[in-house]
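Inspection log for the structure reproduced underneath, given as structure tokens.
No value in this document is a laboratory result; all are computed from the given coordinates. Note that the structure is a prediction, hence the values are computed from the model and not measured. Neighbour counts run over all protein chains shown; Cβ positions are idealised from the backbone, glycine included.
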């Protein structure tokens, strides 16, 4: 019985670290692409920037800042001690990620239920949300 508990705990540990690594890879990679000006999302980010915060920060300053922010989120996921911070920063970033679905329907929807390629790029973030929530919840439960 104790051996099966230990095996289960090792498996859970591996699953959580696989999720942490996946979150790091996606956030660091996508953020780095923004920093170096190679992000395929730059057009939609620029359009959303124009609709929302253009009067507060230039797009030329904002996109690299967003890239750095995403890289930092990715790195923080690798440190279990900072899981809560990673999750809260992640939630802030995710909230803005879904805005084009509402504010830019011509860019993100083909019809009522058919997403454009940009819309699909956005909606795949549901998987990232599930992954991040799993890591967060396991961390919170382990502290109780």
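Can you give the FRET efficiency for residue 50 and residue 15, using 1/(1 + (r/R0)^6), R0 = 41 Å, r = Cβ-Cβ distance, to the nearest 0.05?
On the way: r = 41 Å, r/R0 = 0.99.
Plugging the Cβ-Cβ distance into 1/(1 + (r/R0)^6) gives 0.50.
Apply 1/(1 + (r/R0)^6) to the Cβ-Cβ distance of residue 144 and residue 29, taking R0 = 35 Å, and write down the FRET efficiency to the nearest 0.05.
Numbers: r = 33 Å, r/R0 = 0.96.
The value I calculate is 0.55.
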Problem set entry | Nearest-ten-degree value, helix 125-143 long axis tilted from longest Cα axis of the chain | 40
Problem set entry | Crossing angle, helix 42-52 versus the chain [Cα axis fit, 0-90 degrees, rounded to tens] | 70
Exercise. Within region 16-32, what residues put their amide N at less than 19 Å from the label point 7 Å along the Cα-to-Cβ vector of residue 85?
Worked result: 20-21, 23-25, 27-28
Problem set entry | Approximate spin-label separation residue 22-residue 133, in nm, with each point projected 7 Å along Cα-to-Cβ | 1.4
Problem set entry | region 22-61-region 101-144 distance, computed between alpha-carbon centres (Å) | 17
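Defining a contact as two alpha carbons under 8 Å apart and six or more residues distant in sequence, what relative contact order in percent does the chain show?
On the way: 119 pairs, mean separation 38.6, N = 144.
Reported relative contact order: 27 percent.
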Seminar exercise, completed: With T = 4 °C, eta = 1.567 mPa s and Kirkwood Rh from C-alpha pairs, the Stokes-Einstein D of region 73-144 in µm²/s is about 96
Problem set entry | Crossing angle, helix 59-77 versus the chain [Cα axis fit, 0-90 degrees, rounded to tens] | 10
Problem set entry | Choice from 59, 72, 126 showing the highest fluctuation, given a GNM over the chain with Cα pairs closer than 10 Å | 126
Exercise. Contour minus end-to-end for residue 72 and residue 125, with contour as 0.36 nm per residue of separation and end-to-end as the Cα-Cα distance?
Worked result: 17.3 nm
